[in-house]
Amino acid sequence: MKQLLLAAMLTLFGFQALAIDKAPAFEDPVQQARYERLARELRCLQCRSETIADSNAQLAADLRRQLRELMAAGKSDQEIMQYMTDRYGDYVLYKPPVTPRTWLLWAAPVLLVIGGGLVAAIVISRKSKLPDTDPADPGLGAS
Amino acid sequence: MLKYLLPIGLFAVLVGFLYFGLGRDKETLPSPLIGKAAPVFELTRLDDPAKTFSNSELAGKAYVLNVWGSWCVGCRQEHGALLEIARRGEVPIVGLNYNDEREAALNWLEQLGNPYVVSAFDGDGRVGIDWGVYGAPETFLVGANGKVIKKHVAPITVEIWEQEFVPLLSQAKAGSP
């Protein structure tokens, strides 16, 4: 039973230990939390769809080391992100910033909702204008 | 009429997006370094850990910086092309030996030939980060004014060199931006 429990725990919580460094980067839990948060905001450019917190690639390890050193040197979040984008461009940010090239990406969900809403409104208003007594349309009451 | 035009129009827009999406080169990331001053580094020389090399020694000269490692398959692939480009002698090629072991790298040069005027040893990849390196091999062209003119990611070939680099050489040597 104990073994089963251990196996379940390892399966459930083991992923948290994956890929990231062998030891915590900072003794201070606040700094460690900040480190982990920033690592999740930076992309590993070798593997593209992973953050440097998730990736085992050499480049991700190098960037984590760089992140630790920048934090230890007392750089602000903004300075660290600037350091990374100066070298790797906006693509290094896991969450793309709003720029002329990306506005469509950010606006797409809103545009789709508005577009869908318009189509729905047109269809509903047209249907509601149909006479209720239309024999071809059994209406909502019929099933 | 609108009933048919609208879906067809939307479909056309979608096809357009997908078509350009497919055609785009998603492997090569644009380098923010283009047009900016090349990051200055000072590292030990690959062939002699007691000596250092800095790219500031090349100030006023155009050069190519090639990022390589003995672990890198693409570097082996491009090595013949680099030897040929070095043989032509249009511009010196500086090697940045990236995330490598010194001994393995020296063996590699001995076996395959050495196209580099000098190789700087970046064993822990710090200089690579300054240059925005994300996957060797990468090849940079730096002008006489110290600015990065071009970056090529993936193995270089003699054809790519002739088509994309050689036309930039006179500008690189003149040092105009």
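The values are calculated or read from the model by the stated rules, or taken from the named source; none is laboratory data. Quantities reported herein were computed from a predicted structural model and do not represent experimental measurements. Methodologically, a virtual Cβ is constructed for each residue, glycine included, from the backbone with ideal geometry; neighbour enumeration extends over all protein chains shown. We work out accessible area using only protein heavy atoms, side chains counted, and drop any ligands, DNA or RNA first. Shrake-Rupley method; radii C 1.70, N 1.55, O 1.52, S 1.80 Å.
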query: Out of all the residues in segment B:64-76, is one or more more than 30 Å from A:E50 (Cβ to Cβ), open to solvent by less than 10 Å² (accessible area, probe 1.4 Å) and either without any contact (Cβ under 8 Å) to a residue 12 or more places away in the chain or more than 14 Å from chain A (Cβ to nearest Cβ) (or both)?
result: yes
message: Return the residues of segment B:29-51 that are assigned to a loop (DSSP other than H, G, I, E, B), of a type outside the set (A, V, I, L, M, F, W, C) and surrounded by 13 or more Cβ atoms within 10 Å (Cβ to Cβ); say none if nothing qualifies.
response: B:S31, B:P32, B:P39, B:D47
- request: Would you point out which residue out of B:F140, B:F165 is in a strand (DSSP E or B) and buried (at least 17 other Cβ atoms within 10 Å of the Cβ)?
  value: B:F140
field: Boolean, B:A120 is touching a residue at least 12 places away in the same chain (Cβ under 8 Å) and under 26 Å from B:K36 (Cα atoms)
entry: yes
- line: The residue that is farthest from the chain's Cα centre (by Cα), considering only those in segment B:126-173 that are among the basic types (K, R) and away from chain A (no Cβ under 13 Å), is B:K173
- prompt: B:R102: basic (K, R), open to solvent by 30 Å² or more (accessible area, probe 1.4 Å) and within 14 Å of another protein chain (Cβ to nearest Cβ), yes or no?
  reply: no
task: Give me a count of the residues in segment A:33-70 that are part of a helix (DSSP H, G or I) and open to solvent by 70 Å² or more (accessible area, probe 1.4 Å).
output: 3
task: For A:P24, state whether it is at pLDDT below 85, surrounded by 10 or more Cβ atoms within 10 Å (Cβ to Cβ) and closer than 27 Å to B:S31 by Cα.
output: no
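For every residue, the table says whether it meets (1) of a type in the set (D, E); (2) within 13 Å of B:I156 (Cβ to Cβ).
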site	(1), (2)
B:T52	no, no
B:A59	no, no
B:G74	no, yes
B:E78	yes, yes
B:G89	no, no
B:D100	yes, no
B:L109	no, no
B:F121	no, no
B:D124	yes, no
- line: Expected single match for within 17 Å of B:P167 (Cα to Cα) and out of contact with any Lys or Arg (no Cβ under 8 Å at 6 or more places or on another chain) among B:R126, B:R88, B:R102 is B:R88
- request: Please specify each residue of segment B:116-139 satisfying the condition of being more than 20 Å from A:V92 (Cα to Cα), in contact with a strand residue (DSSP E or B) (Cβ under 7 Å, 6 or more places away or on another chain) and not polar (S, T, N, Q).
  value: B:Y116, B:V117, B:V118, B:A120, B:F121, B:D122
- prompt: Taking the stated definitions as given, is B:K173 open to solvent by 10 Å² or more (accessible area, probe 1.4 Å), basic (K, R) and assigned to a helix (DSSP H, G or I)?
  reply: yes
field: Subset of segment B:2-35 (residues that are facing another protein chain (nearest Cβ under 10 Å) and among the hydroxyl-bearing types (S, T, Y))
entry: B:S31
query: Quick check, is A:D77 acidic (D, E), buried (at least 16 other Cβ atoms within 10 Å of the Cβ) and at pLDDT 85 or above?
result: no
Subset tally (residues that are part of a helix (DSSP H, G or I) and open to solvent by 50 Å² or more (accessible area, probe 1.4 Å)) for segment A:80-119: 16
